1. Determine the dipole magnitude for the protein assembly as shown: charges of +1 sit on the beta-carbon of Lys and Arg, -1 on that of Asp and Glu, nothing else is charged, the reference point is the Cα centre, and the result goes in debye to the nearest 20.
2. What does the charge count near residue B:11 come to, summing +1 for each Lys or Arg and -1 for each Asp or Glu among other residues with Cβ under 10 Å from its Cβ?
3. Note down the magnitude of the dipole of chain A about its Cα centre, charges +1 on Lys and Arg C-beta and -1 on Asp and Glu C-beta and zero elsewhere, to the nearest 20 debye.
4. With r as the distance between the Cβ atoms of residue A:128 and residue B:91 and R0 = 51 Å, compute the FRET efficiency 1/(1 + (r/R0)^6) and round to 0.05.
5. Go through B:198-207, A:218-227 and give me the packing order, highest mean Cβ count within 10 Å leading.
6. Label the range A:124-254 by shape, choosing from rounded, prolate and oblate, from the square roots a ≥ b ≥ c of the eigenvalues of the Cα gyration tensor; if a/c is under 1.5 it is rounded, and otherwise prolate applies when a/b is larger than b/c, oblate when it is not.
7. Classify chain B from the C-alpha gyration tensor, please: rounded if a/c falls under 1.5, else prolate or oblate depending on whether a/b exceeds b/c.
8. State the answer as a single residue: which of B:42, B:368, B:290 lies farthest towards the positive end of the charge dipole of chain B, with beta carbon charges of +1 for Lys and Arg and -1 for Asp and Glu, about the Cα centre.
Amino acid sequence: MANLSAQQRTRAQSRLRWELMANLVRKDLKVKYQGSVLGFLWSLANPLFLLVVYTFVFQVVLRTGIPSFGFYLLSGLLIWNAFAGSVGSACGAAVGNGGLIKKVRFPLTVLPLSTVAFAMVHFVLQLAVLVMAMLVGGHTSFLGPHLLLVVPAVGVALLFTVALSFLVAALNVRWRDTQHVVEIALLAGFWLNPIVYSVSLVQKELEGRGLYGAYYLNPMAGVVTAMQRALYAQNPLLPNGTQHVLADPGYRFYLEKLGLGGLVSLAVFALGYWAYRRLSGDFAEEL
Amino acid sequence: MPESSGSVAISAKAVSKVFRGQRATSLKEHLLRRGGRAEVGFTALRDIDLEIEAGHTVGLIGPNGSGKSTLLKVLAGILRPTSGEVTAYGRIASLLELGAGFNSELSGRDNVFLNASLLGLSHRETERLFDSIVAFSELAEFIDNPVKHYSSGMYVRLGFAVAVHVEPDILLVDEVLAVGDEAFQKKCLDKIAEFQADGRTILFVSHALGLVEQVCDRAVVLEHGRLVFDGDPEFATGTLRAMLGTARPTAEAAEPAEPRLLIPRITVGDVPGEERAEFAAGDKVAVRAVLQVAPDVAGMLGAVIVVIMGAGGIPVWVMRADRDLLPATGGEWALDFTVHDCPPLYGAFVAAVRVDDTEGNHLAVAQSRDAFWVRSGQEVGLLNVPYEVSARVGGDTR
C-alpha cells in the first residue's frame, strides 16, 4: 500500500471523487423522492405540465404557428431546464452544505459537480420519455443522422453548466446576492433563448443590425437551436410565409455555433473553476 | 502501515490563524462598509510550532476559547492557516463531529456509505467493512431505518463506527469521546488503545483531564491561541488546572482586568536576562523568569519553581525559590537562577517555570520560547559520565 506510484495514487483519488459524487447524487435523489408515492414520475410530470400550459398559450392563444408545437418546445426546453435547474441549485451547493464543509475534509469540487450530475440524470430520463412520445405520436422526423447533433449540443451544455455552477457556487458563499441575481438571470435567459418561439424571429430583428452572430456568444442559444434541429427536425414555414422554424436546415451552421459556444464555455469554465478553487479554501471560515 | 517511530507524522510551523471580523455577505453591506471601519480580526492561533512524531498520542487541552478546535481544524486541512505551514504525512481522519454529513432522511445503511465516501473510503472498501461497521455500532436491527428515528446515542455510535474503520494514519479527535454512555466510551477507549498498539498517531482535544493523563504520552496546552506548554501530560494538566484556578470571574469578562499574575518572559543565557542557544559542560547557565505580580497577589505566592526539561518533557533538574526569597511587594519581578557549572548533558532543553501558592496549588505555568542546546562531547546519551575501561585475558573472570 505504501509504495503506490504517484500516478496510481492520483487515479485512486479521482476514482474516490467520482464515487463520492455518485453517492451525493444518489443521496439527493433519494431525499428528493422519499415518501412520495409517484416518486421519480414527478420529474416527468413537470415538463408535461409545462407542455400543456405553453401549448395552450402559444398555439391556441398567441398562435405562433409552429406545427407540433409541443415537440418543438420540449426539444429545447429539456436541455434548458437541465442547465437552469443545475445552475440555480449550484448557488446552494456550498452554502447548503456548510455543516459538512466545516467538519469534514473532502474534495470540495464535488459539490457543484453533484448538482450538475443530479440535473443531468433527470435530463436523460426526460429525453428518453420525449423520444418515446415522439415515436408514439408519429413525429419520427428526428430519426436520421442529424440526431447525432445531440452529442455536441449536450457536450457544450454540460461544459457551460459546470462552468457557471462552479462560479455561482463560489460567489454565493461570499455574496449571497448571487442567488438572487442568478434567479433573475435564469428567468430572463428562458425568454432570451429561442425555446417557446422560433429563432428565425430573432434572426429577422438582429441580422439587419449585424448582431445575429453575436447572439450565439450565448452558448445556450447554439445548444437550444441544435437540439431543435436534432429532435424536432422539421423545417416548415412560419405563418409570415418568409421564414422557417429552424435556424438552418443543414449541420454546419450548428457545429459552428456550438464551437463558438464551446469556446465561450471554456473561458467561463476557466474563470469559474479558478474562482471556486481560490474561494473554497475559505469556505469553512465563511459559512 | 504505520510509520516507523521517530518520523514526523504531522507538523505545524509558525502557524497563525486570524478570523476576519463579520464580513459583509450582501452587496449592500459591502458597499456601505466601503471606506468605513476597518474589519477587526480575531486571532485564534498565534505562532504555533508543533511537531508530532508518528505513533504518539497527544492531548490538546486548554480553557474554552483557547483555540484547540481551531488548531485541530487547521491540522486537518479544513481551515487554511493565515500564516505558517502545516505538513502531514499519511492519511488523516478527523473526527470533529460524529456523524457530520449524515442525512436524517436516509437509512443508516445509506449514511454509512455516504459518510465513508466523504471520509475517503472507496465503495469496495466500504462494502468489505460494512458488516464490521454495523457490528461495532450494535445497530444491526435498525440499519435500514432512517437515522432521523435514531436516538442521539445511536447516531453517535454509527458515526464513530464509520470513522474508526477508515483506518487513518493520523486521527484527529475533538471532544467526541465525551458523548455516549459508559459502555460506548469504554469501546472508544479500547479502539484508541488498539490504534496506539498499531502505531497510529492520535491527537485529541479533551476537557477530561484524567483521560488525557491516562491515555496520552504527551500533552499540549493552549491559552489565548498560544502554545504555553508542551510535554509531560501530568505537568500539562497541572498547568491547565493552575490556569483555570486563576481564571477571572466571568462578571469582569467584558473588560479584561489587570492581569494578577503573569510570566511574560523566561530567558536562558550566560548572563541573566540574555539569551544564548548553546552551552557546553562547565558553562554558566542563567535562567531569568520575569513575573508580573499584582500587589494583592504578592503575599500569596509560596514558591517559584524552574524545571529544566529535556526531549519529551522529561524533567532533568529543578530549582526553586521559596517564600523567603521572593519579594514582598507586587510589580515586575526578575528572578534569576544561576547554575555556575553546567552538567555534562547532551540535547535540547527548555526551562519551564511554575508559580505555586503557599499551599502548593499551581497558579501559573510557562516555558521558555526557544530551546537551548547543551553539548558535552558525547554524541549520544543525555549525560556524559566519566568512566574507565579495563580488559584482560584469562585469570579470575568473576
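1. On the way: 59 positive and 64 negative charges, 660 e Å.
The dipole of the protein assembly as shown has a size of about 3160 debye.
2. On the way: positive: B:13; negative: B:49, B:51, B:53, B:85.
So the environment of residue B:11 carries a net charge of -3.
3. Values: 21 positive and 11 negative charges, 166 e Å.
With only Lys, Arg, Asp and Glu charged at Cβ, the dipole is about 800 debye.
4. Working: r = 41 Å, r/R0 = 0.81.
Efficiency at R0 = 51 Å is approximately 0.80.
5. On the way: B:198-207: 21.0, A:218-227: 26.4.
Highest to lowest by the protection proxy: A:218-227, B:198-207.
6. Numbers: a/c = 2.16, a/b = 1.39, b/c = 1.56.
Oblate shape, in that a/c is at least 1.5 and b/c is the bigger or equal ratio.
7. Details: a/c = 2.16, a/b = 1.36, b/c = 1.59.
In terms of gyration-tensor shape, oblate.
8. Projecting each Cα onto the dipole axis, the largest value belongs to B:42.
No lab work stands behind these numbers, since they all come straight from the coordinates. Quick caveat, the model's predicted, so the values are computed rather than measured. Note that each Cβ is placed from the backbone with ideal geometry, even for glycine, and that neighbours are counted across all protein chains shown.
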